[in-house]
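Notes follow once the structure below has been shown.
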There are 4 protein chains.
Amino acid sequence: MHNTHMVDSSGAPVLRVAVAGASGYAGGEVLRLLLGHPEYRAGRLDIGALTGGSNAGTALGTLQPHLLPLADRILEPTTPETLAGHDIVFLGLPHGQSAAIAAALPDDTVVIDCGADFRLTDPDAWTKYYGSEHAGSWPYGLPELPGGRDQLVGARRIAVPGCYPTVASLALAPAIAAGIIEPTVTVVAVSGTSGAGRKLDTSLLGSEVMGNARAYNIAGAHRHTPEMIQNLKAAGGVDVSVSFTPVLAPMSRGILATCTAPVKVDGAQARAVYEKAYADEPFIHLLPEGQLPQTASVLGSNACTLQVAVDEDAGLLIVVGAIDNLTKGTAGAAVQSMNLAVGFDETAGLSTVGVAP
Amino acid sequence: MHNTHMVDSSGAPVLRVAVAGASGYAGGEVLRLLLGHPEYRAGRLDIGALTGGSNAGTALGTLQPHLLPLADRILEPTTPETLAGHDIVFLGLPHGQSAAIAAALPDDTVVIDCGADFRLTDPDAWTKYYGSEHAGSWPYGLPELPGGRDQLVGARRIAVPGCYPTVASLALAPAIAAGIIEPTVTVVAVSGTSGAGRKLDTSLLGSEVMGNARAYNIAGAHRHTPEMIQNLKAAGGVDVSVSFTPVLAPMSRGILATCTAPVKVDGAQARAVYEKAYADEPFIHLLPEGQLPQTASVLGSNACTLQVAVDEDAGLLIVVGAIDNLTKGTAGAAVQSMNLAVGFDETAGLSTVGVAP
Amino acid sequence: MHNTHMVDSSGAPVLRVAVAGASGYAGGEVLRLLLGHPEYRAGRLDIGALTGGSNAGTALGTLQPHLLPLADRILEPTTPETLAGHDIVFLGLPHGQSAAIAAALPDDTVVIDCGADFRLTDPDAWTKYYGSEHAGSWPYGLPELPGGRDQLVGARRIAVPGCYPTVASLALAPAIAAGIIEPTVTVVAVSGTSGAGRKLDTSLLGSEVMGNARAYNIAGAHRHTPEMIQNLKAAGGVDVSVSFTPVLAPMSRGILATCTAPVKVDGAQARAVYEKAYADEPFIHLLPEGQLPQTASVLGSNACTLQVAVDEDAGLLIVVGAIDNLTKGTAGAAVQSMNLAVGFDETAGLSTVGVAP
Amino acid sequence: MHNTHMVDSSGAPVLRVAVAGASGYAGGEVLRLLLGHPEYRAGRLDIGALTGGSNAGTALGTLQPHLLPLADRILEPTTPETLAGHDIVFLGLPHGQSAAIAAALPDDTVVIDCGADFRLTDPDAWTKYYGSEHAGSWPYGLPELPGGRDQLVGARRIAVPGCYPTVASLALAPAIAAGIIEPTVTVVAVSGTSGAGRKLDTSLLGSEVMGNARAYNIAGAHRHTPEMIQNLKAAGGVDVSVSFTPVLAPMSRGILATCTAPVKVDGAQARAVYEKAYADEPFIHLLPEGQLPQTASVLGSNACTLQVAVDEDAGLLIVVGAIDNLTKGTAGAAVQSMNLAVGFDETAGLSTVGVAP
């Protein structure tokens, strides 16, 4: 049990944060961002329990050697007891493990789930794709979607979006909402391998992924498909079909999504729709005409860069988007959601500056 | 001027081969394949002049250090004179330089152009995409297309297909020819960097491409678009629209293409079409159901692996194909075409075994 | 000419910074760090002129698309005029160009040179390795060397160390200073390609570097050799020989150096020397026994991680060190030096948290 | 039980080959080379049983999708029974499993072990590094070492060298044998990840190895150290100390070794020693002066490229060598040894042409 209701030297309250699954990629990225968060640096955010499954008892430094300031921290088991007494709990757990943990935490604890358990609102879609019983749905941590920000302010349970749905939804929602495309969209997204998590799988070995590009879970088989449909349907108020093909590329981080749909307007009109939609968004950048998104430019940043074009001959809108799957696609969205939930500046601890080259 | 009409020790004629552009990636790969060609090993194929532009006078070993058996060869200038006296001439030159060279070579010389100059049959399409006058069109070096093989047997001028059109055409021609899709297709293809050639361009530096995925030449801007349209139109006898998005991935070799189109049949019917189309093709492999193509599996090989599926919810055919852009996508097609042109076994010197992992 | 002597809203002075060579890797990394610097965020550090050579007139966003907040900045020519009126000027220029620029700037401007021009104190070593006349030497921006910090406090001219000498010197100086090794050291260092700069060179193309490891400038030919000798000689007060072999590896960033020398003590004694030497250093981390440095852990961070061992059979000390060549190896050292020069907290704007995986 | 004593259509005997561990990297590379072997193409070499441990029952095509011609082969269990009845058996098994299998095979079966079990002649060295009882030693499959070829001609048991010892021994044996260096050598070798095998280990995941260089098993801890010492001691007839540091680099294949030792001669004399030592070796190439080995140039080839230089200031010989760890470092050596053992041309099925770029 951890102490709570701390105050800092000025008497201001100190929020205590726990990270469950701190040995995974999502948990590690949450910690990376928290260590650079201005509220943490100012002493108003405290990093409490770090938990792991089979890694409990191990020093974080051997598992996440890039997090030098926390190297001596020992992982605790992921239980309601170790997570209790914190104001904010990030969950970076395998799918299906969040519901039980969340249920055991107080209602006023901010629980931010980086897993899939509470993303889908449709129980049938959940069961079709995940095979288990639907646990319910929580406010969805993508503030840039229409109406997305409101539900996050003050929220106490937040479902962080999947990485592919993040970029696909940001790329297509404005066009769907404005009615400038037919709602039959195709998404082909190239992803780095960290999107698969820190999972022992032969096909994820370095020797197998380097020098290699491969598609997987094609033809509607990927679990992120219903999440894209849900977001776009909500944005446009119409039925939407999504053909989604994920492609694994030889890089650790990054998603580059190419999204196409039959278009009703010309290129200038399409561009105007996106300019308007994201004019005030701090993290969504429509690039100047002719400049195309690339994943290296957003590495480690919370930005999503977009380019929009119309293929006149094919009659299609082409939207290309890039994010870092671990930042804007996971942990950055989690921290952005936390900021909204507890009243910090929404952009605190998040950057639009990538680490390149 | 090089000697011709040689004979080997048994009195059989020896064919002399020249490679123009031997310092480039296409020329280097042609040489790699020739060095392993059984006719070369048997002494019935002789590697004559190797030429380069600004690299003339340099030893091949400093430019192509992987071609150890030819390391001491000195590059000659790329002129009609240095290329004269050969039975077979491979051209690996920048676009626009092949026509003049080819015109100066005898009609009975087998000239195999790895460049774009003679690929397009439509002068307007050429001028629209390349901006110069159309030089004409030659037999197209993709024998697996409907009717493709016949025009190559005994040919004396051959245009090697572009790398992206190779895999996109192989992936979609059967469906177009069988009329099982609407001819409005979308191609998103991930490519290794060698497809851009050995070109000094900041965006191709290792520091820029590693850890990076980026789209380029979107919305119909890529020059390979009209070539795809030409092939698919010929395969189906119908007008075809192609939306093509190329994506650069951090690997040297390989193309992984995801091709989609509205489909009129179910998955089993679609699969049957492809099984039939490629049943007798030595280099085109429809993978077992559920197994997906990956570029590493075809590295250095002349194989094209395919998988076919129908996304029932989206109503689309999904065809994923993988090739090595430098082998089946360029130099392998060139050697395969040479084999057909001069009467060697079509598969001689070409492998379906990739170099992996 | 830029405005200077600004004040912020509270009346505190605002320091104006210029970056010459903002389109290169060193300049880009300086800007990345400045954008995250707390003094910049607080409005007490202002980013003024950004200059480039052939890129003058171009928007930074097309050259450094990862620096989104500065995307609209237009590069100015690199001249004394454009750099005048700034309090701090970072130089990220090709070797040999810094001296003339620096001479034209006022003596009280803090000039921080990421190039080699002012690193070597010995004119003969300079001329032997660089072939031109020696421009002189400036305080050396590696505060962790014995006596290194003192000369940087309040300095107005600073020479940022080379990337290889940074890690080699940090790895070996304690042992040399403590006299526990013979001063005949061997350094084999694996580097990412960004160390070569944004230079158009065929051997740096992605197609050439991916899947490839190669040594270069062996047997004393690398220009960083005399810089290592200079640092180690100063640390130990003895003559030192350094055999240095650089190896290029297929990654953008990072140096992993393996340093060996005949040793006079056992492993525990050697470890004690390093523990003592770096106990109070915020950026130098001796890892726990058995844990080895890796470049990914320090990507984007200013940390240098070290491990020390004694090979009893071979009678050698083995020190392995990792840095990010662009951060601690260049721009991080530059910012750390700036902090010392102008009186900021030494660690401001610099992190020991890497971006991984 | 497999058929043996086959004859081909001309009545010549057909040799049957089995590969144990066909799902691993060593086994897969043996098969890749066999599929291109002229005796296989001529029908005089037959690929019989392919076995796997936990993968028995699985089609090879799902495990080694690059071996298309064998895609339908089903893996059998690795037992003496499945391996019986073959003339040649390649073992690509985890260390410690070869002895029992080999003991159960007839004495006249050619057994070629890609594992470590029979490499070391010194039981104490074995036990110190492998912790188990010494199984004995077999003829060592590195024909280019002094006296190495003789013991392989007609051999029926062969121990394939380790990958690191292959390149280190080839790089240093001539100097040791000629007495031009002091026998205190340092080897720092950068390796691709396939050297670690197809092993499920978090540190070998693509996300962990890409963009990363790291040392491991430093200070004499790597098991290949005693093998290097054994080879060099035999070459020179003197005691030798070897300091070996392996470094993992982000590439699948290739080893680039930097070897140093105190030198007694000048550069020209050193070069002459190597020219003489390898003048007649088909796979060992001393590169022209000034050209340095790189792993990409030997990818998939059986070549070892070397460069030799003397660092006059440091008094050291520097030898840099490159091999493909899976080819010359494992399976190529195995096939080369098979060729010698059964009387094929030594170079049959092996190439000095790399797959680049």
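Seen from all directions on average, the protein assembly as shown presents a Cα convex hull projection of 50.4 nm².
Projecting label points 7 angstrom from Cα along Cα→Cβ for A:Asp313 and D:Lys199 puts them 5.2 nm apart. Summed over both chains, the area buried between B and D is near 2400 Å², taken from the accessible surface of protein heavy atoms with a 1.4 Å probe. Charge tally around A:Gly290: other residues with Cβ under 14 Å, Lys/Arg +1 each, Asp/Glu -1 each, net +1. Each copy carries a label point for C:Pro94 at 7 Å from Cα toward Cβ; from one copy, the others' points are 2.1, 5.6, 5.6 nm away, ordered from shortest. Label sites at B:Ala272 and A:Ala104, each approximated as a point 7 angstrom past Cα along Cα to Cβ, lie 5.5 nm apart.
The heavy atoms of C:Cys114 present about 20 square angstrom of accessible area, all protein chains included, probe 1.4 Å.
Averaged over the residues of peptide B:194-202, the number of Cβ atoms from other protein chains lying within 10 Å of each residue's Cβ is 4.
Cα centroids of region D:239-261 and region C:277-356: 23 Å apart.
Counting protein heavy atoms only, chain D has 51 percent of its accessible area on carbon and sulfur, 1.4 angstrom probe.
Converting phi to 3J(HN,Hα) with the Karplus coefficients 6.51, -1.76 and 1.60 and the offset θ = phi - 60°, region B:97-113 yields 9, 7, 4, 5, 4, 4, 5, 8, 9, x, 4, 8, 6, 7, 10, 10, 9 Hz in sequence order, with x at every glycine or proline. For region C:346-356, 3J(HN,Hα) computed residue by residue from phi via the Karplus equation (6.51, -1.76, 1.60; θ = phi - 60°) reads 4, 8, 4, x, 10, 10, 10, 9, x, 9, 9 Hz, glycine and proline entered as x. When restricted to Cα atoms, region A:58-117 yields an Rg and a Dmax of 12.7, 34 Å, respectively. Of interest is the spacing of the C-alpha centroids, which for region C:83-113 and region B:168-213 amounts to 45 Å. Neighbouring Cβ atoms from other chains, within 10 Å of the Cβ of residues in C:29-37, number 2 on average. Counting only lysines at least 8 places from B:Lys264 when in the same chain, those with an alpha carbon closer than 27 Å to its own are A:Lys128, A:Lys233, A:Lys264, B:Lys233, B:Lys276. Using a cutoff of 8 angstrom between alpha carbon atoms and counting only pairs six or more residues apart, the relative contact order for region D:228-357 works out to 26 percent. Helix-only arithmetic for the protein assembly as shown: the sum of -39500 (n - 2.57) across DSSP H runs with n ≥ 4, divided by the residue total, places the mean residue ellipticity at 222 nm at -7000 deg cm²/dmol. Report, to the nearest 10°, how far helix A:225-236 tilts away from the longest principal axis of the Cα atoms in chain A, using its own Cα long axis and a range of 0 to 90°. Around 70 degrees separate the two axes.
Expressed to the nearest 5 percent, the antiparallel share of DSSP beta bridges inside the protein assembly as shown is 50 percent.
A simple spin-label model places pseudo-atoms 7 Å from Cα toward Cβ; at A:Ala42 and D:Asp345 they are separated by 7.7 nm. Accessible area of B:Met251 (1.4 Å probe, protein heavy atoms only, ligands and nucleic acids ignored): about 0 Å².
In this structure the amide hydrogen of D:Gly254, modeled in the peptide plane, comes within under 5 Å of the amide hydrogens of D:Gly192, D:Asn325, D:Leu326, none closer than 5 places in sequence on its chain.
On C-alpha positions alone, give me the angle between the axis of helix C:267-278 and the longest principal axis of chain C, in degrees, nearest 10. Orientation of helix C:267-278: about 20 degrees from the principal axis. Copy-to-copy label distances for B:Pro262, where each label lies 7 Å from Cα along Cα-to-Cβ, are 0.5, 8.2, 8.2 nm in order of increasing length. Shielding of peptide C:236-243 by partners, expressed as the average count of other chain Cβ atoms within 10 Å per residue Cβ, is 2. What separates the B:Ala42 label point from its copies, with the point 7 Å along Cα to Cβ, is 1.3, 8.1, 8.1 nm, written shortest first. In terms of modelled amide H atoms, which long-range or inter-chain residues lie less than 5 Å from the amide H of A:Val353? For A:Val353, whose amide H was placed from the backbone, the distant partners under 5 Å are A:Asn302. Taking every alpha-carbon pair under 8 Å whose residues sit at least 6 apart, region D:181-270 reaches a relative contact order of 56 percent. Seen against the Cα atoms of chain A and their longest principal axis, helix A:332-342 is set at about 60 degrees.
Per-residue surface analysis assigns B:Ile74 an accessible area of about 90 Å², computed on protein heavy atoms at 1.4 Å probe radius. Short-range pairs are left out: with C-alpha atoms under 8 Å and at least six residues apart, the relative contact order of chain A is 17 percent. Segment B:Tyr216..B:His95, full-extension length gain: 41.7 nm, with 0.36 nm per residue of separation and the alpha-carbon distance subtracted.
In Å, what Kirkwood hydrodynamic radius results for chain B from the alpha-carbon pair distances?
After inverting the pairwise mean of 1/r, the radius is 20.6 Å.
With protein chains left intact and a 1.4 Å probe, residues in chain D average 32 Å² of accessible area per residue.
The values are calculated or read from the model by the stated rules, or taken from the named source; none is laboratory data. Note that the structure is a prediction, hence the values are computed from the model and not measured. Glycine also receives a Cβ, built like all others from the backbone with ideal geometry; neighbour counts cover every protein chain displayed. Quick note on the areas: whole protein, heavy atoms, side chains included, nothing else; ligands and nucleic acids left out. Shrake-Rupley method; radii C 1.70, N 1.55, O 1.52, S 1.80 Å.
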